[in-house]
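The values are calculated or read from the model by the stated rules, or taken from the named source; none is laboratory data. None of the values given here were measured: they were computed from a predicted structure. Backbone-built Cβ (ideal geometry, glycine too); neighbour counts: all protein chains shown. Heavy atoms of the whole protein, side chains included, go into the accessibility calculation; ligands, DNA and RNA do not. Shrake-Rupley method; radii C 1.70, N 1.55, O 1.52, S 1.80 Å.
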Amino acid sequence: MKLLLIGANGMLARDVIEAFHGTHELVTCDHPDIDIRQADSVTAFIKCHRPDWVLNCAAYTDVDGAETHPDLAFAVNADGAGILARACREQKARLCHFSTDFVFDGNARTPYRETDPAVPLSVYGNSKLAGEQRIQDTFDDYLIVRTSWMFGRGGKNFITTVCRLAAENPDVRVVDDQRGSPTSASDLAAILRVALEKNLHGIYHACNAGVCSWFELAREAVALSGIDSRVVPVSTSQMPRPARRPAFSAMDCTKISRDCGLQIRHWREALRDYIAQL
Ligand SMILES: NC(=O)c1ccc[n+]([C@@H]2O[C@H](COP(=O)([O-])OP(=O)(O)OC[C@H]3O[C@@H](n4cnc5c(N)ncnc54)[C@H](OP(=O)(O)O)[C@@H]3O)[C@@H](O)[C@H]2O)c1
């Protein structure tokens, strides 16, 4: 299987590259060699490499920044996804694309399934949902994987930020009224490899098992890191942010577990491994 990974400098990409290393042919690229907003360069790249799969790890991922830069968020996350889908259709490649739990409004009481209606609250969520729709409107040879609350070795993330703040301060305030499912980028990359090898198609949810609040996740990360700082639970209204986030965005991963034949482990176990490697 030959894969072309776009967005190679991102957090998820780093673990995907590792997961595929040595088992499949993998070509990687990122800014400035390729910009997914530029149809000509995207088509030329795919035509030149003739991959079986294009993996799109490129995205505009600044959730709060998207509120002030909606044009950029839509250009990358929506138009860019459409451009990739059209180029893949032309070149007969399959497209694997990533989306987010932030396509949901958070009013559910049980983890979201792939068939549940998506109603984003933020510009970022809307741009990612528009990207999913552009792909689905273009062709059928796609795999869209929605994930959530990701931590990985390839970039700054909630865990590294909260541990840095905890090391610098006696108290760290973290919201306790937003709940979701943390995801290890390395666990997701391992699931992805099986999903591509099995030629899965359609929309899938993929995150680690278990549900927690950001506060509970932060408390666990600080304790595992052995940092002597107090993590203090606060409400969203006490820590206003530019983008609205869903109060509950856990996703049901039954479909990907069943179709890949995998048991996905609990986020606590994945976090322990991640912190041990930091
Ligand atoms: N991180 C999470 O918690 C999370 C949660 C749910 C879903 N997701 C989804 O998972 C995927 C991967 O996320 P991530 O956290 O690994 O992202 P990331 O670390 O922000 O990496 C994104 C990469 O895309 C590149 N990029 C941005 N605009 C581009 C363009 N126009 N053309 C080509 N490359 C471009 C970035 O390059 P520059 O840095 O040079 O701009 C960066 O290397 C995304 O689809 C994201 O929406 C992430």
Q: Out of the residues in segment 95-127 that are open to solvent by 10 Å² or more (accessible area, probe 1.4 Å) and assigned to a helix (DSSP H, G or I), state the one that is nearest to Ile256 (Cα to Cα).
A: Phe102
Q: Would you mention how many residues in segment 1-45 are in contact with a Leu (Cβ under 7 Å, 6 or more places away or on another chain), in a loop (DSSP other than H, G, I, E, B) and within 9 Å of the ligand (Cβ to nearest atom)?
A: 1
**Q.** Index of the failed condition, Gly106 passing every other in (1) on the phi < 0 side of the Ramachandran plot; (2) small (Gly, Ala, Ser); (3) modelled with pLDDT of 95 or more
**A.** (1)
Q) For the subset of segment 46-68 comprising residues that are within 14 Å of the ligand (Cβ to nearest atom) and among the polar types (S, T, N, Q), which member is farthest from Ala81 (Cα to Cα)? A) Thr61
Q | Residues of segment 234-256 that turn out to be open to solvent by less than 30 Å² (accessible area, probe 1.4 Å) and not hydrophobic (A, V, I, L, M, F, W, C), as a count | A | 2
Q) Which one of Ala223, Ala166, Ala218 is part of a helix (DSSP H, G or I) and surrounded by fewer than 20 Cβ atoms within 10 Å (Cβ to Cβ)? A) Ala223
Q: Give me a count of the residues in segment 72-104 that are of a type in the set (D, E, K, R) and within 12 Å of the ligand (Cβ to nearest atom).
A: 2
Q: Name the residue, out of Cys48, Cys57, that is open to solvent by 70 Å² or more (accessible area, probe 1.4 Å) and under 20 Å from Asp141 (Cα atoms).
A: Cys48
Q. Any chance segment 264-276 includes a residue that's under 17 Å from Phe158 (Cβ atoms), in contact (Cβ under 8 Å) with a residue 24 or more places away in the chain and part of a strand (DSSP E or B)?
A. no
Q. Which is in contact with a strand residue (DSSP E or B) (Cβ under 9 Å, 6 or more places away or on another chain) and without any contact (Cβ under 8 Å) to a residue 60 or more places away in the chain, of Lys47, Lys2?
A. Lys2
**Q.** Residue ID - farthest from the ligand (Cβ to nearest atom), chosen from residues in segment 128-158 that are surrounded by fewer than 21 Cβ atoms within 10 Å (Cβ to Cβ) and among the basic types (Lys, Arg)
**A.** Arg134
